[in-house]
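Trainee: This structure is in structure tokens; I'll ask about it shortly.
The values are calculated or read from the model by the stated rules, or taken from the named source; none is laboratory data. Just so we're clear, the structure is a prediction, and the values are computed from it rather than from any experiment. Positions of Cβ are backbone-derived with ideal geometry, glycine not excepted, and every protein chain shown enters the neighbour counts.
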Amino acid sequence: MGLGDEIITRIARVGATHARPPLPPASGARGPAAARQGDPIQHKSFFGALMGAVAGALIGAAIFGAVGLLVAGTGGLGATLIVAAAGSGLTYLASDAIAAASSAVTNFIDSFGSPDGALSSGSGNVIIEGKPAARATVDIAACSKHPAPPLIAQGSESVFINGQPAARVGDKLVCGAAIKGG
């Protein structure tokens, strides 16, 4: 077998490997914890969102600053154009990392806030760790920021309790609050 044949064989093998459908998650993979009656809910805070935006802006400014320093080393030929193009390109490439850092800062600050209420209803016949299991679209919460009790809006796509999607930590309520404990 010649070098050309080996290359073609490797290319075919790599192509076949990437052509198969992705493997299902491992059977031991766990999702978010189940929500139960009495678990806390919390709205995002303005301060947390503001600090997340500031963190994202600082990362973007740092990218532009680094590009500016690199361009200054070249004598500044076409500096404005180069900094704008390279800074924009690098910021675009790093947009996922910037968004993740911004979310991490927001979530960190929000973790210090006090709950805005708790889930106030659950299943009558499904108990999780001694508490009634919470279900999307039927169970409600007592939220200090809203007079009417909001429904749980999101739930699991694959786990159902009494024919309704099971609510999990991180799922949202109609009022925008998220389930924080479980």
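Trainee: Search region 94-145 for residues being within 14 Å of residue 40 (Cα to Cα) and of a type in the set (S, T, N, Q), and hand back the single one that is surrounded by the most Cβ atoms within 10 Å (Cβ to Cβ).
Mentor: Here the residue is 121.
Trainee: Go through region 123-145 and report how many residues are at positive phi and touching a strand residue (DSSP E or B) at 6+ places or on another chain (Cβ under 8 Å). Give the derivation first.
Mentor: Residues of region 123-145 at positive phi: 129-130, 137.
Subsequent filtering for residues that are touching a strand residue (DSSP E or B) at 6+ places or on another chain (Cβ under 8 Å) retains 129, 137.
Going through region 123-145 one residue at a time, the tally reaches 2.
Trainee: Okay, moving on. Report, by residue number, each residue of region 79-94 that is modelled with pLDDT of 80 or more and of a type in the set (Val, Ile, Thr).
Mentor: 91
Trainee: Could you list, ordered by first residue, the pairs with Cβ atoms under 6 Å in which the first is in region 163-178 and free of Cβ contacts under 8 Å to residues at least 24 places away in the same chain and the second is polar (S, T, N, Q), at least 6 apart or interchain?
Mentor: Pairs found: 172/154.
Trainee: Next question. Out of region 146-177, which residues are assigned to a loop (DSSP other than H, G, I, E, B), of a type outside the set (Asp, Glu), in contact with a strand residue (DSSP E or B) (Cβ under 8 Å, 6 or more places away or on another chain) and closer than 17 Å to residue 115 by Cα? Don't jump to the end; show me each part of the working.
Mentor: Filtering region 146-177 for residues assigned to a loop (DSSP other than H, G, I, E, B) gives 146-150, 153-159, 162-163, 167, 169-171, 174-177.
The next check asks that each one be of a type outside the set (Asp, Glu); those that pass are 146-150, 153-156, 158-159, 162-163, 167, 169-170, 174-177.
Okay, now just the ones that are also in contact with a strand residue (DSSP E or B) (Cβ under 8 Å, 6 or more places away or on another chain), so 149-150, 153-156, 159, 162, 167, 169-170, 174-175, 177.
Correct list: 149, 150, 169, 170, 174, 175, 177.
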